[in-house]
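Report on the following structure.
The values are calculated or read from the model by the stated rules, or taken from the named source; none is laboratory data. Just so it is clear, the structure is predicted and the values come from calculations on it, not from any experiment. Cβ placement follows ideal geometry from the backbone for every residue including glycine, while neighbour counts extend to all protein chains displayed. Only protein heavy atoms, including side chains, enter the accessible area calculation; ligands, DNA and RNA are left aside. Shrake-Rupley method; radii C 1.70, N 1.55, O 1.52, S 1.80 Å.
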Amino acid sequence: MRGSCWLNRRIEQRFRLLAISTVKSVKIKLLLCCCVALTLLAFSTSGSTFLLWNNQTSSLRRFPDSRKGYSIVMNTWKRYDLLKQSIKHYSSCPRLESVHIVWSEPNPPSESLLKFLHQAVKSKARDGQYVKLRFDINKEDSLNNRFKEIDDLETDAVFSIDDDVIFPCSSVEFAFDVWQSAPDAMVGFVPRVHWVDSLNGNDNVFKYGGWWSVWWTGTYSMVLSKAAFFHKKYFILYTNEMPSSIREYVTKNRNCEDIAMSFLVANATGAPPLWVKGKIFEIGSTGISSLGGHSERRSECVNIFTAVYGRMPLVYTSVKAVDSRNTWFW
């Protein structure tokens with residue numbers, strides 16, 4: 001009897017071990033299948049985003065057509081091929097209403113350039129409607145021109161952009177959504193930072209930090225107007241209410257109009273800007289940021305503008321907006 005009972009227990013234990021190992025094996029296989037499936041899905045998602053960056057995505061069509069759109073104000077200077085490429089691209093963005101080209105060259109735009117650009121926007125027509133194209137001609141060559149008040153600007157939202165950088169329409173539309181949640185703020189793709197110059201021993205002396213400073217600290221206090229949304233009311237404030245000495249400095253030194261706008265918005269709101277994660281495509285040659293002494297000149301701007309305002313209005317933040325619909329790790 002004892003031998004029989006012992007044998008039964010041994011058989012029962014073997015069945016239990018076999019069942020447990022089978023369940024574990026099934027779990028492991030299911031886990032591996034899930035990992036493989038998620039990996040394939042991630043690659044297919046990122047691949048389609050890269051291949052279709054120049055077209056509107058299906059996820060954007062969920063927004064109703066009646067929603068108020070935005071206008072692009074694009075700064076340019078004798079880079080006609082870049083201007084053509086940029087206008088042709090952005091004309092595809094779903095909620096873009098109009099493009100205003102800030103023209104400060106001594107000669108007006110040529111007939112061939114006008115013809116090409118108008119044909120470009122018409123080729124992107126949706127339901128017979130296409131983006132309105134305007135040239136804002138300026139007699140004076142000044143970087144302040146990009147922030148002059150525009151009489152026929154029909155939207156509250158302005159996307160300020162240079163002619164040598166391109167963002168996928170999906171990124172621009174997402175940034176517009178972010179701006180709508182905070183319409184008084186600057187919402188942009190290119191963050192920068194300032195900090196107290198501790199080596200100087202004076203808490204009122206500041207230094208300007210570029211992208212690597214932002215990357216290292218995870219903190220920023222500005223988003224550059226080369227790619228940023230803001231309310232059109234800041235055009236009026238910049239031209240009519242911002243201290244004229246700042247505009248004069250920008251014209252004389254041909255630099256820092258973007259820092260001036262960041263100071264203006266921060267001073268008006270008492271709040272930080274918002275940085276939106278987005279893929280940037282540089283289509284032009286290297287700009288003034290690559291020249292020697294660039295950081296020193298920008299630091300000088302920060303300190304001069306601080307002195308004019310009588311305080312440092314810029315506010316630090318570490319917030320970054322990420323479109324989680326197209327991102328696995330965020």
Two pseudo-spin positions, 7 Å from Cα along C-beta at Thr239 and at Glu282, lie apart in nanometres by 3.2 nm
So the compactness index of segment 67-219, its C-alpha Rg divided by 2.2 N^0.38 Å, takes the value 1.22
Each label sits 7 Å from Cα toward the beta-carbon; between Asn202 and Ala125 the label points are separated, in nm, by 6.1 nm
One finds, for Lys252 and Trp328 with R0 = 56 angstrom and r their Cβ-Cβ distance, a FRET efficiency to the nearest 0.05 of 0.70
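What ranking of Glu257, Glu282 comes out by heavy-atom accessible area, probe 1.4 Å, highest first? Mind dumping the intermediate values first?
Values: Glu257 20, Glu282 110 Å².
Output order, biggest surface exposure first: Glu282, Glu257.
Over segment 70-326, with the other protein chains present, what is the accessible area per residue in square angstrom, probe 1.4 angstrom? Could you put the intermediate results ahead of the total?
Values: 11780 Å² over 257 residues.
That works out to 46 Å² for each residue.
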Ignoring ligands and nucleic acids, Lys277 exposes an accessible area, probe 1.4 Å, in Å² to the nearest 10, of 110 Å²
Cα pairs beyond 23 Å in segment 70-326, in percent, come to 50 percent
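Quick one: pull the percent of accessible area on segment 70-326 belonging to carbon and sulfur, 1.4 Å probe, ligands and nucleic acids left out. Let's see the in-between values first.
Numbers: 5880 of 11780 Å².
Carbon and sulfur together cover 50 percent of it.
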Using a 1.4 Å probe on heavy atoms of the protein chains only, the accessible area for Arg126 in Å², nearest 10, reads 80 Å²
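Would you tally the net charge around Glu97, using a Cβ to Cβ cut-off of less than 10 Å, leaving Glu97 out, and scoring K and R as +1, D and E as -1? Please list the in-between numbers first.
Details: positive: Lys68, Arg95, Lys132; negative: Glu154.
My count for the surroundings of Glu97 gives +2.
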Listed by chain and number, the lysines with an alpha carbon less than 24 angstrom from that of Lys232, same-chain partners under 8 positions apart left out, are Lys68, Lys88, Lys132, Lys139, Lys148, Lys277, Lys320
At R0 = 25 Å the Cβ-Cβ FRET efficiency linking Lys78 and Glu154, nearest 0.05, sits at 0.30
